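To keep things clear, I will list the structure first and then write my remarks on it.
Read-outs throughout are calculated quantities, based only on the coordinates presented, and are distinct from any laboratory measurement. In this text, all values refer to a predicted model and were calculated from it rather than measured experimentally. Note that we place each Cβ from the backbone using ideal geometry, even for glycine, and neighbour counts take in every protein chain shown.
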Amino acid sequence: MKILFTGASSFTGYWFVKELVAAGHDVVVPFRRQLSDYGESGRRARIDRVAKICRPVFGVSFGDERFLQLVKEGRWDLLCHHAAEVSDYRSPDFDVVRAVENNCRGLAKVLDALLESGCRKIVLTGSVFENDEGAGTEPLGAFSPYGLSKGLTWELFRFYSQSRAMDLGKFVIPNPFGPYEEPRFIHYLLKNWFGGKTPSVNTPRYVRDNIPVSLLALVYSNFAETLSTGQSRLGPSGYVESQGAFARRVARETGKRLGLPCEVALNEQTDFSEPLVRINTDRVDISALDWSEERAWNEFAEYYDRLMRPAT
């Protein structure tokens, strides 16, 4: 397939593009800024890797005139809209209206241009943290203003694609982890272990759905390839467990591979501002995929060993 993929500079976006290319697809990836504007960041590192395996187009934002021109220049089989406004996504002051506007700019014109190019299929990325997604503590409201923006984006895509009889798939992401991730919880754990310290987990009772990103990418590629007629949805699930249990899992798998004393302290949780449980519900049939849990953990450990082990 010839695929137009937005959001390839993100952690999951990089992995999704990598897997789509490995499956033999021709992928074109627009980026909002010029290459020089990304500086020396983790995002820039992912862009550099993506640019080696597919065609990058810089200075193009979803729905703007350059994006519409890009759509009109080719014959597309699939639009993968993975890009989303994420600036200050953890903040209660996250601008929902601005985010939805950026996520859906010129949506009707984009869909019409896709139809003219012969494309009738779209995969939109969703989040388990948006309203009415996954399972867990009721009611299943939006986790945050960011989650609300993702839910509203879905509603707009659903409305405009349905009115054009286009096939729309929603791929719902839980908590992915793995190489080239942004420096968040996993990075905090590994940084402490490599520094000879014991990290603390302040919210060990939250039950979340952590999934290796390499597995998530395989499932995404398969979902894109087999997108059904009409509207469909998939929310793949990984390690469903408390954050305390997950931290211990990471410690166990990392410690035995790198020879580090990976201890972890589980603090008494006092902050319950988020839902106690929020998980995806679609179990992944690993036997049907070319994926190895052992290999994934090996790659995970090797990546952080290169990233964090002090030079000798």
Quiz item: For the pair residue 115 and residue 75, how long in nm is the line joining their label points, each one 7 Å along Cα→Cβ?
Solution: 2.0 nm
Quiz item: Using 0.36 nm per residue, how much length does the chain from residue 86 to residue 285 gain when fully extended, once their Cα-Cα distance is taken away?
Solution: 68.6 nm
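Ignoring everything except DSSP H segments at least 4 long, calculate the 222 nm mean residue ellipticity for the chain; use -39,500 (n - 2.57) per segment, divide by total residues, nearest 500.
Values: 10 runs with 122 residues, N = 312.
It lands at -12000 deg cm²/dmol.
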Quiz item: How far is it, in nm, from the label point at residue 303 to the one at residue 276 when both lie 7 Å from their Cα along the line to the Cβ?
Solution: 3.3 nm
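Could you pull out the chymotrypsin sites (Phe, Trp or Tyr not before Pro) across the stretch 214-312 that fall in loop regions by DSSP (anything but H, G, I, E, B) with no more than 15 other Cβ atoms inside 10 Å?
Working: sites: 220, 223, 239, 246, 272, 291, 297, 300, 303, 304; in loops: 272, 291.
Within the stretch 214-312, the qualifying chymotrypsin sites (Phe, Trp or Tyr not before Pro) (loop, at most 15 other Cβ atoms within 10 Å) are 272.
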Quiz item: Looking at the stretch 26-76, which trypsin sites (Lys or Arg not before Pro) are in a loop (DSSP not H, G, I, E or B) and have at most 11 other Cβ atoms within 10 Å?
Solution: 52, 75
Quiz item: If amide H atoms are built 1.01 Å from N in the plane of the peptide, which residues on other chains or at least 5 residues away come under 5 Å of the amide H of residue 128?
Solution: 173
Practice problem: Identify, among 301, 230, 281, the residue whose Cα sits farthest towards the positive end of the charge dipole of the chain, taking +1 on the Cβ of Lys and Arg and -1 on the Cβ of Asp and Glu, with the dipole about the Cα centre. | Solution: 301
Exercise. Using a 10 Å Cβ count of at most 13 others and DSSP loop calls, identify the longest part of the chain lacking such GluC sites (Glu not before Pro).
Key: 41-262
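Can you pull out the trypsin sites (Lys or Arg not before Pro) in the stretch 99-168 that DSSP calls coil and that have at most 16 other Cβ atoms within 10 Å?
105, 164
Fewest Cβ neighbours within 10 Å first, please rank 3, 186 accordingly.
On the way: 3 23, 186 20.
The most exposed by this proxy come first: 186, 3.
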Quiz item: To the nearest Å, what is the center-to-center distance of the stretch 151-216 and the stretch 73-125, using C-alpha atoms only?
Solution: 19 Å
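With a ≥ b ≥ c the root eigenvalues of the C-alpha gyration tensor of the chain, is it rounded (a/c under 1.5), prolate (a/b larger than b/c) or oblate?
On the way: a/c = 1.78, a/b = 1.48, b/c = 1.21.
The shape class here is prolate.
Do any of 109/150; 18/121; 18/197; 150/256; 52/256; 191/256 go past 27 Å between their Cα atoms, and which?
Numbers: 109/150 20 Å; 18/121 20 Å; 18/197 34 Å; 150/256 38 Å; 52/256 33 Å; 191/256 17 Å.
In this structure, 18/197; 150/256; 52/256 exceed 27 Å between Cα atoms.
Express in nm, to one decimal, how much length is gained between residue 55 and residue 36 on full extension, taking 0.36 nm for each residue of separation and deducting their alpha carbon distance.
Working: separation 19, 0.36 × 19 = 6.84 nm, distance 1.68 nm.
The span from residue 55 to residue 36 would gain 5.2 nm if fully extended.
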Exercise. For the stretch 1-72 and the stretch 219-258, write down the distance between their C-alpha centroids in whole Å.
Key: 23 Å
